[in-house]
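Working notes for the structure below.
The values are calculated or read from the model by the stated rules, or taken from the named source; none is laboratory data. Note that this is a predicted model, so its numbers are computed, not measured. Neighbour counts run over all protein chains shown; Cβ positions are idealised from the backbone, glycine included.
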Amino acid sequence: MRSTFLTLLFSGVLAISSAFAQDKYFTKNGQVSFFSSTPMENIEASNNNATSVIDAKTGKMEFAILMKAFKFEKALMEEHFNENYVESGKYPKATFAGNITNLSGVDFSKNGTYKVNVKGKMTIHGVTKDVEAPGTITVENGKVKANSVFNVAPEDYKIEIPKLVREKIAKEIKVTVNMDYQALKS
Amino acid sequence: MKSFRKFFLLALTFFAVLPTVFAQDDLLSLIEDDKPTTEFAKASFKTTRVINSQSLENTASGVLDMKISHRFGPLNGGAYELFGLDAATIRIGLDYGISKHLMVGVGRSSVQKTYDGFLKMKLLRQSSGARSMPVTVIWFSGMALNSLKWQNPERNNYFSSRLAYTHQLIFGRKFSEGFTLQFMPTLVHRNLTATDAEKHDVIAIGVAGRQKLTRRLAINAEYYYVLPDQIAENMRNSLAIGFDIETGGHVFQLHFTNSTAMVEKGFITETDGNWFDGDIRFGFNISRVFTIKQSNKD
């Protein structure tokens with residue numbers, strides 16, 4: 001009888017912890033933009049539909065970005081981006097899955113800005129690379145924000161740039177990520 | 001009985017743990033959207049023309065597209081004429097996207113010193129997802145003005161005799177990343193015909209397609225079948241085959257065609273070249289776009 005009670009208690013505790021734990025945060029309107037700067041031309045695009053989930057308990061982070069949702073100032077740039085460079089018909093999403101390596105330095109229950117380091121795998125154009133980038137996590141009254149700026153080299157992801165336009169597209173493209181997370185209720 | 005209850009409770013425990021275990025594996029699946037979004041087919045052709053014909057694409061809103069097109073002389077002119085390169089006809093045109101659905105264009109061709117203007121409107125857009133539409137449908141209407149000096153100035157000539165109109169519906173589908181096909185039922189109305197035997201209203205059915213060979217290279221073809229007994233006997237159906245080559249801001253279209261004219265009324269009703277006699281012409285279109293107004297909304 002005692003063991004039955006213990007099992008019941010155990011399962012009860014587990015059920016509660018998974019139902020009420022406020023340790024996951026998500027967004028569907030994350031902002032990701034990139035900027036390519038050369039003496040010939042500046043190219044800028046932004047995407048306000050990035051999705052991301054962050055697990056405060058394990059430090060796991062995941063991102064998915066629909067490539068077609070990047071908006072450019074020139075329609076032709078957008079077409080070329082999708083058609084020729086990232087081939088969004090074939091590779092519709094860019095993803096990142098990784099971990100906060102210094103999770104112990106972040107207290108999700110306390111207001112503050114925390115410097116973090118994120119390490120993981122990024123997939124663009126069907127090519128997966130190990131990447132590492134610095135960022136900050138801001139906790140403000142239960143709300144979690146994250147941002148990061150890092151560089152991506154198109155070459156690393158087998159995105160070919162023809163000779164004719166090589167002077168117009170930077171070797172390293174600056175990517176800015178701004179996420180406004182909400183608590184995930186499951 | 002007791003052991004059964006114990007097993008049941010254990011199973012319960014297991015199922016309580018299970019979802020949290022799975023969640024660890026793929027965080028994003030937690031917020032997966034069950035609502036599908038609508039996705040419109042894009043870039044069914046590299047530019048707004050297949051070769052001579054209008055394609056399924058419109059000039060983007062706020063974008064000006066300058067098109068310079070050449071058709072050389074017939075290949076069977078031989079080496080003396082450098083296979084047609086000694087003679088050239090030209091059309092210079094400007095297209096502008098008023099909105100994502102509507103574009104307008106004007107042009108001037110050296111053939112019959114023709115001025116032309118047109119409207120092209122997307123009625124339906126091919127899409128998948130929440131709202132699914134199998135085809136894109138476009139309405140095209142154009143006008144051409146022959147500004148040659150009157151052939152018989154002593155006759156009573158009317159300005160309206162210079163005009164011809166084309167109305168066309170384009171039904172097309174981008175079947176895959178690389179393959180697009182379109183059908184174009186067309187009506188050309190000519191206010192003046194050379195002989196009484198020719199019809200003022202000419203009905204033709206066009207078909208055009210493109211197959212991408214690489215990301216920046218595609219092969220295009222188009223053909224117009226003119227229903228019998230409508231145009232002069234020596235006129236033929238227009239056939240053109242060519243390549244689209246894209247280099248950043250430009251699209252080059254290189255092709256062979258038996259038509260000389262580059263406006264609908266011309267290449268549908270006044271094509272006299274015969275492919276089998278080598279009476280075909282090399283030609284090219286160059287397109288250069290300028291963003292006039294930045295209003296790039298989907």
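This table checks each residue for (1) within 14 Å of another protein chain (Cβ to nearest Cβ); (2) over 29 Å from B:Tyr225 (Cβ atoms); (3) without any contact (Cβ under 8 Å) to a residue 60 or more places away in the chain; (4) within 21 Å of the chain's Cα centre (by Cα).
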position: B:Leu56; (1), (2), (3), (4): yes, no, no, yes
position: B:Gly62; (1), (2), (3), (4): yes, yes, no, yes
position: B:Phe72; (1), (2), (3), (4): no, no, no, no
position: B:Ala79; (1), (2), (3), (4): no, yes, yes, no
position: B:Leu82; (1), (2), (3), (4): no, yes, yes, no
position: B:Thr89; (1), (2), (3), (4): no, no, no, no
position: B:Tyr96; (1), (2), (3), (4): yes, yes, no, yes
position: B:Met133; (1), (2), (3), (4): no, no, yes, yes
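Which of the residues that make up the stretch B:46-84 are of a type in the set (A, V, I, L, M, F, W, C) and not in a loop (DSSP other than H, G, I, E, B)?
Here is the first cut: in the stretch B:46-84, the residues of a type in the set (A, V, I, L, M, F, W, C) are B:50-51, B:56, B:60, B:63-64, B:66, B:68, B:72, B:75, B:79, B:82-83.
B:Val63, B:Leu64, B:Met66, B:Ile68, B:Phe72, B:Leu75, B:Ala79, B:Leu82, B:Phe83, listed by residue number.
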Being in contact with a His (Cβ under 7 Å, 6 or more places away or on another chain) and either away from chain B (no Cβ under 12 Å) or at pLDDT below 90 (or both): is that true of A:Tyr157 here? yes
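In the stretch A:147-155, is there at least one residue being assigned to a strand (DSSP E or B) and β-branched (Val, Ile, Thr)? Lay out the reasoning, then the answer.
Keep residues of the stretch A:147-155 that are assigned to a strand (DSSP E or B), which gives A:147-152.
Checking which are β-branched (Val, Ile, Thr) leaves us with A:149, A:152.
The answer is yes; a qualifying residue exists.
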Can you pull out every residue in the stretch A:45-95 that is facing chain B (nearest Cβ under 8 Å), outside any strand (DSSP E or B) and closer than 19 Å to A:Thr27 by Cα? A:Thr58, A:Lys68
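Matching residues to (1) charged (D, E, K, R); (2) more than 30 Å from B:Ile98 (Cα to Cα); (3) within 14 Å of chain A (Cβ to nearest Cβ); (4) over 17 Å from the mean Cα position of the chain (by Cα):
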| residue | (1), (2), (3), (4) |
| --- | --- |
| B:Tyr224 | no, no, no, no |
| B:Ala240 | no, no, no, no |
| B:Leu254 | no, no, no, no |
| B:Thr271 | no, yes, no, yes |
| B:Gly278 | no, yes, no, yes |
| B:Phe284 | no, no, no, no |
| B:Arg288 | yes, no, yes, no |
Residues of the stretch A:107-122 being in contact (Cβ under 8 Å) with a residue 24 or more places away in the chain and not aliphatic (A, V, I, L, M), which ones? A:Asp107, A:Phe108, A:Ser109, A:Lys110, A:Asn111, A:Gly112, A:Thr113, A:Tyr114, A:Gly120, A:Lys121
